[in-house]
Structures are given as structure tokens and as C-alpha cells.
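All remarks here apply to the structure that follows.
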Amino acid sequence: MPDKNQSRLNRQFDRIGRSVPMATRFLEWVRRPTSRLIRIPLGILLVLGGVFSFLPVLGIWMLPLGLLLLALDLPFLQAPLNQMILRTQRRFTNWRRSRRKKS
């Protein structure tokens, strides 16, 4: 039975799939246990790409996606990553609400 952190992580992947429908099939494939040999190097490459997001081709979006992929195989990353995602979502929601009130 998956624990609470694993369930939250899966919900984050599902949310990304709903937000970016074109990525749904890829995310389903990369989350399979058989894709572990591809998932770990891909996660590392995405994190490195996110670190170098100041370059024209790379973007900051790569960092959280890479961390999510790594967290599937590294359980010690799951709890802090889930907390960071929830905190970021709350801040973003509050920011959007405050922007709406100003308009």
C-alpha cells in the first residue's frame, strides 16, 4: 500500500497531466516501474537543465519536473518535495487572489 507521500506525489503527476494533456501519455509511461532506468537519468538531466535555466533553450520548469521524477525512486525526497509543492501552490493561489482584488 502506498504511503501518504507517494499518494501525494501521484496526485501531483495527475495534476500535471490534466494541465498539459499532451504530456499525459509520457507521464504514464515514465511512472511505470519498468521505466526506472530511464526515469533516473532523465530526472537528473531535468534538474541540471533547471539549474542552467538562464540559458535560452532551458527553463526553470525543468527543475520541479526533474525533482518529481527523482522522488518516485528516492523516498527521502518525497516528503520535502510534497511540502514545497503545496507551499508553492498556496502562495501562487494567494498571489492570484490578491491580483484579482486589485483589478
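Of all positions in the stretch 34-47, at least one carries a residue that is basic (Lys, Arg), buried (at least 16 other Cβ atoms within 10 Å of the Cβ) and in a helix (DSSP H, G or I).
Which pairs have Cβ atoms under 9 Å, sit 6 or more apart or on different chains, and link a residue in the stretch 3-28 that is of a type outside the set (Phe, Trp, Tyr) to one that is open to solvent by 100 Å² or more (accessible area, probe 1.4 Å)? Filtered contacts from the stretch 3-28: Gly17/Arg25; Gly17/Glu28; Thr24/Arg18.
Filtering the stretch 48-103 to residues that are in a loop (DSSP other than H, G, I, E, B) and either within 21 Å of Ala23 (Cβ to Cβ) or touching a residue at least 24 places away in the same chain (Cβ under 8 Å) (or both) leaves Ser53, Val57, Leu58, Gly59, Ile60, Trp61.
The criterion of being basic (Lys, Arg) and open to solvent by 40 Å² or more (accessible area, probe 1.4 Å) holds for Arg8. Residues in the stretch 78-100 that are open to solvent by 60 Å² or more (accessible area, probe 1.4 Å) and of a type in the set (Ser, Thr, Tyr): Thr88 only. The residues of the stretch 1-33 that are among the basic types (Lys, Arg) and in a helix (DSSP H, G or I), listed by number, are Lys4, Arg8, Arg11, Arg15, Arg18, Arg25, Arg31.
For the stretch 20-47, the set of residues classified as under 14 Å from Ala71 (Cβ atoms) and among the basic types (Lys, Arg) consists of Arg31, Arg36, Arg39, listed by residue number. For the stretch 27-42, the criterion of being over 27 Å from Asp3 (Cβ atoms) and among the aliphatic types (A, V, I, L, M) is satisfied by no residue at all.
Scanning the stretch 50-77 for residues that are surrounded by 14 or more Cβ atoms within 10 Å (Cβ to Cβ) and under 17 Å from Gln6 (Cβ atoms) turns up Leu67, Leu68, Leu69, Leu70, Ala71, Leu72, Leu77. The residue that is farthest from the chain's Cα centre (by Cα), counting only those in the stretch 11-33 that are buried (at least 16 other Cβ atoms within 10 Å of the Cβ) and within 16 Å of Gln78 (Cα to Cα), is Arg31.
The values are calculated or read from the model by the stated rules, or taken from the named source; none is laboratory data. Note that the coordinates shown come from a computational prediction; the quantities given were computed from them, not determined experimentally. In this analysis, Cβ positions are derived from the backbone assuming ideal geometry, glycine residues included, and neighbour counts consider all displayed protein chains. Ligands, DNA and RNA are stripped out before the accessible areas are found, and what is left, the full protein with its side chains, is counted by its heavy atoms. Shrake-Rupley method; radii C 1.70, N 1.55, O 1.52, S 1.80 Å.
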